[in-house]
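The values are calculated or read from the model by the stated rules, or taken from the named source; none is laboratory data. Just so it is clear, the structure is predicted and the values come from calculations on it, not from any experiment. Every residue, glycine as well, gets a Cβ built from its backbone with ideal geometry; the counts of neighbours run over all protein chains shown.
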Amino acid sequence: MKTLLIGEYREGKLLDSTYELLGFAGQLGAETAMLLVGSETQLPSYGGTLYLADAASCGEYNPDLHKKLILDAVQKENPDYIVFLHSSYGWDLAPRVAAALRVAQLSEVIALADGGFEVGCCNAKMRRTVKPAAGRAVVTIQAGAFPALQPGGIPLLQKLSAAGTAALEFIGYEAAEKKDVDLGKAEIIVSAGRGIGKKDNVSMIQALAKALGGELGASRPVVDAGWVEHSHQVGTTGQTVSPKLYVACGISGAIQHLAGMKKADFIIAINKDKDAPIGEIADVLVVADLMQFVPALTAKLAKQ
Amino acid sequence: MLVISCIKQVPDTTQVKIDPVTNTLIRDGIPFIINPYDSHALEESLKLKERYGLRSVALSMGPPNAEATLRKAYALGVDEAILLSDRCFGGADTLATSKVLSAAIERLNKQDKVGVVFCGKQTIDGDTAQVGPGIASRLGFSQLTLVDKIESIDFLRKTIKVRRKLEGRHEIVEAPLPVMITVVRELNRPRYPVVPMRIAAEEMEIKVWDNSVLKLDVNTIGLKGSPTWVSKIFSPERDQGEIIGDGITDPVGTTNLLIDKLLGKELLTV
Ligand SMILES: Cc1cc2nc3c(=O)[nH]c(=O)nc-3n(C[C@H](O)[C@H](O)[C@H](O)COP(=O)(O)OP(=O)(O)OC[C@H]3O[C@@H](n4cnc5c(N)ncnc54)[C@H](O)[C@@H]3O)c2cc1C
C-alpha cells in the first residue's frame, strides 16, 4: 500500500501538522511519498521521497497549480491514498484532486477501522466506517486525530515545477482579529460550554478560572452565541491547547472540541450527564449541576 | 442572471439515534430542518438578489417530503424552488449527489445564465464537504470555499471578490464567474420568514424534476453511482474517567474531594 502525503506550508514555514500525515501513514503501515509546495530551506525531517515545488514561484495558495503538481506526483507514484489534513488548505484542495482523478473522497478521518476508515457524523455524535468502493481514494484526516510522527532523516528531493496562470487571483491576507488572550501558553484553562445556559453565567466560569489562576476557554456554541470572544474558543476551529489542567464545564465532548484540548495533562469535566462523551477522556468526572457546583468550588478555593 | 442555493433537508442531529440492528439512522419521528450551513447559503443568495437584482433559485435533492424545506425557502423570498426527487437518486454519496445537482444547474443555465452557486460548508447529517466542490469541477465553475464575506461582484469583468476564513486569518481572493461558493456561518444571519410571505408560500408551486427530466445514466447516480461504501454507523465506545463524589446531592462535599485530587496532582498553588 502506498500513500502520497500532501504537506502544509504557510507564510514561509513548514507546518508541524505535516507530521500528523506521517503518523497516519505509520498507523496504516503504508509506504510514503510526500509532496510539498514549500521551500528548500524548510524541509521536513523525514527520509522518504519528497516532491518539492517552490512556494515562491507556485504561490502558497494557488489551487489550480497545486492540483496540477499533485496530479503529476500521483502519476509518478501511483499511490492508493492521497492524504491531506482537513485544514482550510486540504479542505479546498482535496475535492479538486478527487474530482480530477474521479475517485472517492473520505473526509475528516479520525481513526482506522478494519479495512476502512472511521469518520464522525451527526455533529460528531456518531461515527461511521467508510470504505472506498474501488482502489484509489483521496483522504483528509482530522487535525489532532493521529499523533505526529517525526521519523528524522533527509528527504530524497524530486523537484517539481508547474506553470500556468491562476484562475483565482490572490489579493492578500487580512490580519486576523486581535487576540486578547493566548490560550496556547496557558497552564490552566477553565472552559464554558453550552451547559452554562446563558451569557450571564460566563462570569461564574470566569470566577472559577480566576480562583484556579487560569484563563477562560469556551466551546464553539458559546462563541457562536456571542457570549465569549472567538479568541477563547478551543477546538478545531479555535485554539489547540495543552495546559497542565483543563476544566470543562458543561461541555459534551464533541470530537471537534476534544481535538483542541485532549493533550492537556489533567482533565476535569463537570457535567450533569454522567454519560456525556467528555467522560471518555476526562481524568475526573464530576456529575453535578454547574449552577450549584461551580460557585461552591470557587468559594472553597478562595478560602484555601 | 441566476444565483442558486443548494439546500438539504436533514434530520435534526441533536435528536437522532441509531438502530442497533440495521445500523442505520432512525429518522422516524425526528423533525427535519434545513441543514444549518445551507441556511446561510440561502440567506446570501437572497442578499445578492436584493443587492444586484439577480434571480434567486433554491435547489434541493431529496425525498418528496423535502418539499417542506423548499416551501420555507419561498417564505424567505426565493423566486423559484425546485425539488430533485426520484427513487433512483436515493442512497447517493457526495459524488453522485453533485452529479444530480450539476445536471439541474446545467438545465437552469440554458434558460438564464448562472452566476453564483452557493452551498453550505458541509451538512450536519453526513458531515462531508465535497458536494459543492464536486459541482464546481463538473461544471468548470470557479471554486471558492470557506467564504465569510462577499466583497463585490463586477459584472463587466465577470469577477467576484470574496473573503475566505482560514486558520487565524482571512484571505481576499478574486475569481471569474460563474462561481461555486461554500459558505461558513459567519457570513450572515439568516432572516426569519414574515407571516404574509409564509402564507403566500403555501400557494407557490414547487417544481419536481425527476430523472425523466434530468435524463442521467442510472448507473452513475444514487447508490449505484456512489464510490464510497458505508459499512456501519455506530456510537463510539468509551471508557469512563473516574467519577468522584456525588455532585448532584452533595455538591459541597464533592468540592472537597476535587480539591484533594488537585492538591495530590500539585495543580493547586496554596
Ligand atoms: C467543522 C466543525 C468544527 C467545529 N469546531 C469546533 C471547535 O473548534 N470547538 C468546539 O468546541 N466545537 C466545535 N464544533 C462544534 C462541536 O461539534 C459541538 O457542537 C460543540 O463542541 C458542542 O459544544 P458544547 O459541548 O458546549 O455543547 P453541547 O454539546 O450542547 O453540550 C452541553 C453539555 O452541557 C451539559 N449540561 C447542560 N446543562 C448543565 C448543567 N446545568 N450543569 C452541568 N452540565 C450541564 C450537558 O449534559 C451537555 O453535555 C465544530 C463543529 C463542526 C461541524
Restricting attention to helices (runs of 4 or more DSSP H) lying wholly within segment A:48-138, give those where 3 or more residues are within 16 Å of the ligand (Cβ to nearest atom).
A:88-101
Those residues of segment A:26-74 that are modelled with pLDDT of 95 or more and among the aromatic types (Phe, Trp, Tyr) come to a total of 1
May I ask you to say which residue of A:GLN292, A:GLN304 is free of Cβ contacts under 8 Å to residues at least 12 places away in the same chain, over 17 Å from the mean Cα position of the chain (by Cα) and either buried (at least 22 other Cβ atoms within 10 Å of the Cβ) or near the ligand (Cβ under 9 Å from one of its atoms) (or both)?
A:GLN292
Condition first: more than 9 Å from chain B (Cβ to nearest Cβ) and either of a type in the set (A, V, I, L, M) or under 17 Å from B:ASP260 (Cα atoms) (or both). Now tell me which residues in segment A:251-281 satisfy that.
A:ILE251, A:ALA254, A:LEU258, A:ALA259, A:MET261, A:ALA264, A:ALA276
Residues located in segment B:177-188, provided they are of a type in the set (A, V, I, L, M, F, W, C) and either free of Cβ contacts under 8 Å to residues at least 40 places away in the same chain or crowded, with 22+ Cβ neighbours inside 10 Å (or both):
B:VAL179, B:MET180, B:ILE181, B:VAL183, B:LEU187
Tell me which residues, restricted to segment A:282-304, are among the β-branched types (Val, Ile, Thr) and more than 7 Å from chain B (Cβ to nearest Cβ).
A:VAL294, A:THR298
For A:HIS232, work out the one condition from (1) within 7 Å of another protein chain (Cβ to nearest Cβ); (2) touching a helix residue (DSSP H, G or I) at 6+ places or on another chain (Cβ under 9 Å); (3) farther than 19 Å from B:ILE243 by Cβ it doesn't fulfil.
(1)
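Residues checked against (1) farther than 21 Å from B:LEU214 by Cα; (2) surrounded by fewer than 23 Cβ atoms within 10 Å (Cβ to Cβ):
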| residue | (1), (2) |
| --- | --- |
| B:SER45 | yes, no |
| B:ARG51 | yes, yes |
| B:GLY62 | no, yes |
| B:GLY91 | no, yes |
Filter result for the condition that a residue is more than 10 Å from chain B (Cβ to nearest Cβ) and either at pLDDT 75 or above or within 16 Å of the ligand (Cβ to nearest atom) (or both), over A:LEU183, A:LEU212:
A:LEU183
Answer yes if at least one residue in segment A:122-137 is under 30 Å from B:ILE34 (Cα atoms), β-branched (Val, Ile, Thr) and at pLDDT below 90, and no otherwise.
yes
Among the residues in segment A:159-178, are any surrounded by 18 or more Cβ atoms within 10 Å (Cβ to Cβ), within 11 Å of the ligand (Cβ to nearest atom) and not assigned by TED's automatic domain parsing to the domain that holds A:LEU85?
no
Strands (runs of 3 or more DSSP E) enclosed by segment B:94-203 - at least 3 residues per element that are in contact with a strand residue (DSSP E or B) (Cβ under 7 Å, 6 or more places away or on another chain) and polar (S, T, N, Q):
B:142-154
Could you figure out which of (1) modelled with pLDDT of 90 or more; (2) more than 9 Å from the ligand (Cβ to nearest atom) isn't true of A:ALA248?
(2)
Let me confirm something: among B:GLU202, B:GLU174, which residue is in contact (Cβ under 8 Å) with a residue 12 or more places away in the chain and within 7 Å of another protein chain (Cβ to nearest Cβ)?
B:GLU174
Considering every residue within segment A:46-68, establish whether at least one is among the aliphatic types (A, V, I, L, M) and in contact with a helix residue (DSSP H, G or I) (Cβ under 6 Å, 6 or more places away or on another chain).
yes
State whether the residues of segment A:276-284 include one that is free of Cβ contacts under 8 Å to residues at least 60 places away in the same chain and within 6 Å of the ligand (Cβ to nearest atom).
yes
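Each row is one residue, and each column tells you yes or no for (1) over 17 Å from B:THR254 (Cα atoms); (2) touching a Cys at 6+ places or on another chain (Cβ under 9 Å); (3) surrounded by 22 or more Cβ atoms within 10 Å (Cβ to Cβ).
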residue	(1), (2), (3)
A:ALA248	no, no, yes
A:GLY253	yes, no, yes
A:ASN271	no, yes, yes
A:GLU280	yes, no, no
A:LEU285	no, no, yes
A:ALA288	no, no, yes
Considering A:VAL234, A:VAL223, which residue is near the ligand (Cβ under 10 Å from one of its atoms) and closer than 15 Å to A:GLY195 by Cα?
A:VAL223
